[in-house]
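The values are calculated or read from the model by the stated rules, or taken from the named source; none is laboratory data. Please read these numbers as outputs of a predicted model, since none were measured by experiment. Cβ coordinates were reconstructed from backbone atoms using ideal geometry, including for glycine residues, and neighbour counts include every protein chain displayed.
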Amino acid sequence: MGNGELCYPLTLSDGASRFFLCCEGLRRPTYAQTRPYCERTFRDYGLPNAIRTDNGEPFGSCGLGGLSRLSLWWIKLGIIPERIHPGRPQQNGRHERLHGTLKRGCGVQASLKQQQRAFDRFRQVYNTERSHQALGRGQTPAMHYQPSLRAYPIRQPELTYPDTHVVKRIQASGNMRWLGREWYVAGLLRGEFIGLKPIDDGVWFIFVGPICVGRLNARHTRIEPINTLIDVPTLH
């Protein structure tokens with residue numbers, strides 16, 4: 001910005017209607033700064049079934065299944081995190097086009113406060129005044145958008161699993177006790193419950209809620225990661 005500081009816009013949009021749900025200027029793209037605005041958006045508009053993102057902070061990580069603190073929170077809320085393949089922004093093309101429109105229509109301001117005012121003005125025009133060719137002549141996102149019927153819960157749900165899974169709690173060390181030994185799973189999951197689904201003799205899928213994040217291979221005494229990208233099944 002004009003004062004030499006960086007602004008990281010957090011943008012959330014509805015893929016079907018193009019409705020621009022959130023545009024908040026953050027000082028850093030961290031979980032601590034991102035979660036409050038996601039929470040406000042979920043309270044205002046309800047919970048989506050899925051959110052598609054890139055792999056950068058705070059959406060993804062280098063840990064098991066690429067999970068981050070933010071995506072783990074989404075999973076607990078019943079939201080499937082869909083991460084695109086690295087270097088393939090076309091997999092989230094509608095949102096990338098929104099970013100291009102934002103850059104062209106909302107100039108760089110002198111401070112974060114002024115930048116946020118510009119974001120707010122742009123979002124209002126984008127939703128209610130600017131027609132979108134994909135929606136039809138003279139049609140705006142506000143004319144098509146319908147809030148989700150899934151309300152933000154009063155209490156955060158816990159992860160649950162089918163009876164076919166062996167449920168294990170992750171220790172403070174990030175380990176779990178299974179088959180008479182310690183297995184390191186992920187520090188991110190400390191205190192959480194995971195599900196183990198048998199798929200072969202000595203091999204189990206590792207689930208975090210409905211998301212398969214890896215395989216426990218007792219034959220080779222290792223945990224094998226699975227990248228939870230948009231083409232990976234997420235069913236129990």
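Could you list, in sequence order, the residues of the stretch 72-113 that are free of Cβ contacts under 8 Å to residues at least 24 places away in the same chain and surrounded by fewer than 16 Cβ atoms within 10 Å (Cβ to Cβ)? Residues satisfying the conditions are G87, R88, Q90, G93, E96, R97, G100, K103, R104, G105, G107, K113. Output the number of residues of the stretch 84-96 satisfying the condition of being within 15 Å of G15 (Cα to Cα) and either touching a Cys at 6+ places or on another chain (Cβ under 8 Å) or not in a helix (DSSP H, G or I) (or both). Looking only at that region, the number is 1. Would you confirm, using the coordinates I've provided, whether N175 is free of Cβ contacts under 8 Å to residues at least 40 places away in the same chain, over 22 Å from S61 (Cα atoms) and among the polar types (S, T, N, Q)? So N175 does not fit the description; no. Among the conditions (1) assigned by TED's automatic domain parsing to the domain that holds C38; (2) modelled with pLDDT under 95, A118 misses just one, which is (2).
Just so you know, in the stretch 13-32 the residues that are surrounded by fewer than 17 Cβ atoms within 10 Å (Cβ to Cβ) and without any contact (Cβ under 8 Å) to a residue 24 or more places away in the chain include one that is farthest from S131 (Cα to Cα), and it is A32. The residues of the stretch 103-113 that are part of a helix (DSSP H, G or I) and either touching a Lys or Arg at 6+ places or on another chain (Cβ under 9 Å) or not assigned by TED's automatic domain parsing to the domain that holds N55 (or both), listed by number, are G105, L112.
Of all residues in the stretch 159-193, exactly one satisfies the criterion of being assigned by TED's automatic domain parsing to the domain that holds T221, within 16 Å of G214 (Cβ to Cβ) and of a type in the set (S, T, Y), namely Y184. Selection of the stretch 121-170 for residues being surrounded by 13 or more Cβ atoms within 10 Å (Cβ to Cβ) and among the charged types (D, E, K, R) yields R123, R130, R150, K168. For the stretch 195-228, which residues satisfy the criterion of being in contact with a Cys (Cβ under 9 Å, 6 or more places away or on another chain) and either at pLDDT 95 or above or outside any loop (DSSP other than H, G, I, E, B) (or both)? Correct list: K197, F205, I206. Taking the criterion of being more than 11 Å from the chain's Cα centre (by Cα) and surrounded by 19 or more Cβ atoms within 10 Å (Cβ to Cβ), the residues of the stretch 48-65 that qualify are S61, L64, G65. Taking strands (runs of 3 or more DSSP E) as the structural unit, those lying wholly within the stretch 6-82 and holding at least 2 residues that are out of contact with any Phe, Trp or Tyr (no Cβ under 7 Å at 6 or more places or on another chain) and within 16 Å of H99 (Cα to Cα) correspond to 8-13. Note on the stretch 150-172: among residues that are free of Cβ contacts under 8 Å to residues at least 60 places away in the same chain and in a loop (DSSP other than H, G, I, E, B), the one that is farthest from the chain's Cα centre (by Cα) is D163. Checking M143, M176 one by one, the residue that is within 30 Å of L21 (Cα to Cα) and either part of a helix (DSSP H, G or I) or more than 25 Å from the chain's Cα centre (by Cα) (or both) is M143 and no other.
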